[in-house]
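The values are calculated or read from the model by the stated rules, or taken from the named source; none is laboratory data. Small disclaimer: the values here were computed from a predicted structure and weren't measured. Every residue, glycine as well, gets a Cβ built from its backbone with ideal geometry; the counts of neighbours run over all protein chains shown.
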Amino acid sequence: MGPLTAACQRLQCRRSVDTVDSFQGQERDIMAITLTRSNPQGEIGFLSDDIRLMNVGMTRARRKLLLVGDSSTLCRHPFFVELLAYVTGVGGYRTSHQIGKQT
């Protein structure tokens, strides 16, 4: 059982998978947002188009927010540079290697 599944069972929460826009006006105990852009050119495509969507997604979490993405690609955009600096500053940043060692 993975950490997200275990946390969800402890909180007795329901699972919803949908687009960020569908969560407008709602909250969830745990929000997991995947930022799937990863390429040698550092292009993040549509992720740079509307930072409002990131704000909506990140503010829907009551207890835990999980962001999964390639930090070297995402940090080509100023918003994600600031976000990563904040997350690192509060001790929330983990590399895939660190997560792999925990399981």
field: Contacts under 9 angstrom Cβ, first residue in the stretch 58-73 being within 7 Å of ILE30 (Cα to Cα), partner basic (Lys, Arg), 6 or more apart
entry: ALA61/ARG28; ARG62/ARG28; ARG63/ARG28
- prompt: Among helices (runs of 4 or more DSSP H) lying entirely in the stretch 30-103, which contain 2 or more residues that are exposed (fewer than 15 other Cβ atoms within 10 Å of the Cβ) and at pLDDT 75 or above?
  reply: 51-58, 78-89, 96-102
